[in-house]
1. Mind checking the stretch 62-139 for trypsin sites (Lys or Arg not before Pro) that DSSP puts in a loop (not H, G, I, E or B) and that have at most 11 other Cβ atoms within 10 Å?
2. Please give every one of the lysines within straight-line cross-link reach of Lys116, meaning a C-alpha to C-alpha distance under 25 Å, and leave out same-chain neighbours fewer than 8 residues apart.
3. Give a quick list of trypsin sites (Lys or Arg not before Pro) in the stretch 1-62 that DSSP marks as loop, anything other than H, G, I, E or B, with at most 14 other Cβ atoms within 10 Å.
4. Can you list the aspartates and glutamates whose alpha carbon is less than 18 Å from that of Lys54, not counting same-chain residues fewer than 8 positions off?
5. With n ≥ 4 as the cut-off for DSSP H runs, can you work out [θ] at 222 nm for the chain, using -39500 (n - 2.57) per run divided by the number of residues, rounded to the nearest 500?
6. Note down the relative contact order for the stretch 9-77 as a percent, whole number, built from C-alpha pairs under 8 angstrom at least six residues apart.
7. Can you give me the relative contact order of the chain as a percent, contacts being Cα pairs under 8 Å and 6 or more apart?
8. Counting other Cβ atoms within 10 Å, keep those with at most 13, restrict to DSSP loop, and tell me which GluC sites (Glu not before Pro) in the stretch 1-92 are left.
Amino acid sequence: MVRENIACAALFKHINDKMAKGANERLGIHGITYMQMQMLLEMKHMGAEAVPLKSLERHFEVAQSTAAGIIVRLERKRLVSSFVPAEDKRQKYIRLTEEGKALCAAAESDMQEGEKLLLSGLSQEEQEQLYHLLWKVKDTMK
């Protein structure tokens, strides 16, 4: 059943744009963007003491210059630090600072609240169906 004559991709984009706008507004008080926060959270979830910049580039499917630019801005805000190991000067590693870790904890709590709001119009069964279908779509896009 199609409610309006809107392509599924347009609906995904609309939802994503609304979520990103809300996230950027909430994160603005910390002086960071949604993409910067996503990078911090991914580093946290990788669980390593330090993460190769190349891993972040691959995960977010961005050019080296884009990832490096984000990291430079996060370093200026003292949320990450970077280093080049003596044994392999071709590789740059990034680590979260204590300030970065604290911001991740606060952001995860905020994201849980946003998720509750996003799904608040759906029953538990509908939420489970939505997750199932979204994973199916994501897997198809590989």
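1. Numbers: sites: Arg73, Arg76, Lys77, Arg78, Lys89, Arg90, Lys92, Arg95, Lys101, Lys116, Lys136, Lys138; in loops: Lys77, Arg78, Lys89, Arg90, Lys92.
Taking the stretch 62-139 and a limit of 11 other Cβ atoms within 10 Å, the loop trypsin sites (Lys or Arg not before Pro) found are Arg78, Lys89, Arg90.
2. Excluding near neighbours in sequence, the set is Lys13, Lys18, Lys21, Lys44, Lys101, Lys136, Lys138.
3. Numbers: sites: Arg3, Lys13, Lys18, Lys21, Arg26, Lys44, Lys54, Arg58; in loops: Arg3.
Passing both the DSSP loop test and the Cβ count: Arg3.
4. Glu42, Glu75, Glu87, Asp88
5. Taken over the chain, the calculation gives -21500 deg cm²/dmol.
6. Numbers: 21 pairs, mean separation 13.0, N = 69.
Here the relative contact order equals 19 percent.
7. Numbers: 88 pairs, mean separation 24.8, N = 142.
For the chain, the relative contact order is 17 percent.
8. Details: sites: Glu4, Glu25, Glu42, Glu49, Glu57, Glu61, Glu75, Glu87; in loops: Glu4, Glu49, Glu61, Glu87.
Those satisfying the criteria are Glu4, Glu49, Glu61, Glu87.
The values are calculated or read from the model by the stated rules, or taken from the named source; none is laboratory data. Keep in mind that what you see is a predicted model, and the values were worked out from it rather than measured. Please note: Cβ atoms are built from the backbone with ideal geometry, for glycine as well, and neighbour counts cover all protein chains shown. Heads up: the accessible areas ignore ligands, DNA and RNA and are worked out on the full protein's heavy atoms, side chains in. Shrake-Rupley method; radii C 1.70, N 1.55, O 1.52, S 1.80 Å.
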